[in-house]
Every structure is written in structure tokens, then in C-alpha cells.
Amino acid sequence: MPLDPPDDELRIMVRAKIALGTLPRDGAIQFQPGFGDGQVCTACGVIIAPRTAMYDSDRGSHGRVYLHRPCYDMWIEEMRA
Ligand SMILES: [Zn+2]
């Protein structure tokens, strides 16, 4: 069995969160780039360290979504798939 590419685990998590609706299913949702300040990444559940590049989106009644840059990139990829 070949080893999975390193991003496979993240892809599976992102897909699951999209399926649950925890992550937006709409690729048109706008995210603002910024820097982390201890928020928890909505995709991988890991704290976004201060001064780390991140993206966030206020979804109103759906709450706020915070993503590490690699997690955001994966979400974008899944939205385009
Ligand atoms: Zn993350």
C-alpha cells in the first residue's frame, strides 16, 4: 500500500465538516485574511497560534468560521472539486 499524501487526513476532515455543515457548502462565502490570536480552527480543531496567517468568516446565525491557511486552501479546493 502506498502512503497517503500528507494532506489526505486534512482533506477527509474538511469534507466531513462540509458534509455536516460546520464548514460552508457555498464556495462564494467570503473569508477575510488575517492573523491568528488563539482561535480554534473550524476545520482541524487545532488552535491558530498568534501571528499565524488565517482566514475568518462571520456567518451570522451560523457562527464564525476560523481556518488556518492550509485548511482554507483545502476548503477552496473542495469547493472547486
Ligand atoms: Zn486548521
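A few comments on the model shown:
- Unmet criterion (only one of (1) free of Cβ contacts under 8 Å to residues at least 24 places away in the same chain; (2) touching a helix residue (DSSP H, G or I) at 6+ places or on another chain (Cβ under 7 Å)) for GLY34: (2)
This table checks each residue for (1) over 12 Å from the mean Cα position of the chain (by Cα); (2) modelled with pLDDT under 95.
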| position | (1), (2) |
| --- | --- |
| ILE18 | no, no |
| GLY34 | yes, no |
| CYS41 | no, no |
| THR52 | yes, no |
| HIS62 | yes, yes |
| TYR66 | no, no |
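- In the condition set (1) part of a loop (DSSP other than H, G, I, E, B); (2) away from the ligand (no atom under 11 Å from the Cβ); (3) in contact with a helix residue (DSSP H, G or I) (Cβ under 6 Å, 6 or more places away or on another chain), CYS44 is compliant with all but (2).
- Residue within region 58-79 that is part of a strand (DSSP E or B) and among the small types (Gly, Ala, Ser) present: no
- Among (1) surrounded by 11 or more Cβ atoms within 10 Å (Cβ to Cβ); (2) more than 14 Å from the ligand (Cβ to nearest atom) - the single one GLN30 does not satisfy: (1)
- Residues considered: ARG80, ARG51, ARG11. Of these, the only one that is exposed (fewer than 10 other Cβ atoms within 10 Å of the Cβ) and in contact (Cβ under 8 Å) with a residue 40 or more places away in the chain is ARG80.
The values are calculated or read from the model by the stated rules, or taken from the named source; none is laboratory data. Quick caveat, the model's predicted, so the values are computed rather than measured. Note: ideal-geometry Cβ built from the backbone for every residue, glycine included; neighbour counts use all protein chains shown.
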